[in-house]
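**Student:** Quick one: the structure is below, questions incoming.
The values are calculated or read from the model by the stated rules, or taken from the named source; none is laboratory data. Owing to the predicted nature of the structure, the values given are computational and were not obtained by experimental measurement. In this analysis, Cβ positions are derived from the backbone assuming ideal geometry, glycine residues included, and neighbour counts consider all displayed protein chains. Areas reflect the complete protein model, heavy atoms only, side chains present, ligands, DNA and RNA absent. Shrake-Rupley method; radii C 1.70, N 1.55, O 1.52, S 1.80 Å.
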Amino acid sequence: LQVIEADQKFSLEIRKRDEQCVNCGSTFLLGCSHYFKRGIYATRYDPSNCITLCQECHDVWENEKDGIYKDYMVMWLGEEGFLELKERSDIKVSPYYAITEYMKLSKSVEVKEIEY
């Protein structure tokens with residue numbers, strides 16, 4: 001399973017979970033937005049790190065990580081949940097480990113050899 005394939009399946013799961021932009025309610029041009037950036041593999045496939053945003057809201061919220069985006073995450077996860085997510089984001093893991101853990105938790109991802 002390649003990172004790109006895992007990303008696509010994970011993004012689809014998040015968009016199916018939320019069904020619309022969590023900010024404005026739009027169902028047009030939806031994407032999976034990571035609060036802690038995708039390059040942090042410890043939280044890359046963590047559903048509590050991701051929400052569905054339309055392209056317009058995503059463009060705004062990406063520049064508001066310490067403002068409206070953080071406020072939403074704290075409201076959604078609770079203060080303790082947000083702090084736990086932040087702690088997980090500080091853990092260094094390999095892409096291989098992240099995808100393997102994601103495959104264990106996800107029913108929609110077939111278990112097969114991981115490629116790079």
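**Student:** Just give me the residues in segment 42-81 being of a type outside the set (Phe, Trp, Tyr) and not in a helix (DSSP H, G or I), in sequence order.
**Tutor:** Passing the criteria: Asp46, Cys50, Ile51, Thr52, Leu53, Cys54, Glu62, Asn63, Glu64, Lys65, Asp66, Gly67.
**Student:** Within segment 25-42, identify whether any single residue is under 12 Å from the mean Cα position of the chain (by Cα) and without any contact (Cβ under 8 Å) to a residue 12 or more places away in the chain, and answer yes or no.
**Tutor:** Within segment 25-42, the first condition is being under 12 Å from the mean Cα position of the chain (by Cα), and the residues that meet it are 31-42.
Checking the rest, the ones that are also without any contact (Cβ under 8 Å) to a residue 12 or more places away in the chain come to 37, 39.
Yes, some residue in segment 25-42 is under 12 Å from the mean Cα position of the chain (by Cα) and without any contact (Cβ under 8 Å) to a residue 12 or more places away in the chain.
**Student:** Just checking, how many residues over segment 2-17 are over 23 Å from Asp90 (Cα atoms) and either touching a Gly at 6+ places or on another chain (Cβ under 9 Å) or buried (at least 16 other Cβ atoms within 10 Å of the Cβ) (or both)?
**Tutor:** Here the count works out to 3.
**Student:** Something else about it: Taking Ala98 and the conditions (1) outside any loop (DSSP other than H, G, I, E, B); (2) surrounded by fewer than 15 Cβ atoms within 10 Å (Cβ to Cβ); (3) not polar (S, T, N, Q), which numbered condition does it fall short on, given that it satisfies the others?
**Tutor:** Checking Ala98 against (1) outside any loop (DSSP other than H, G, I, E, B); (2) surrounded by fewer than 15 Cβ atoms within 10 Å (Cβ to Cβ); (3) not polar (S, T, N, Q), the one that fails is (2).
**Student:** Among the residues of segment 18-34, write down those that are in a loop (DSSP other than H, G, I, E, B) and open to solvent by 20 Å² or more (accessible area, probe 1.4 Å).
**Tutor:** Within segment 18-34, Glu19, Gln20, Val22, Asn23, Cys24, Gly25, Ser26, Thr27, Phe28, Leu29 qualify.
**Student:** List pairs: first in segment 49-60 and within 18 Å of Phe36 (Cβ to Cβ), second of a type in the set (Asp, Glu), Cβ under 6 Å, 6+ apart or cross-chain?
**Tutor:** Close Cβ pairs (under 6 Å, with a partner that is of a type in the set (Asp, Glu)) amount to Thr52/Asp18.
**Student:** Out of Leu77, Leu83, report the one residue that is surrounded by fewer than 13 Cβ atoms within 10 Å (Cβ to Cβ), closer than 26 Å to Gln20 by Cα, aliphatic (A, V, I, L, M) and at pLDDT 95 or above.
**Tutor:** Leu83
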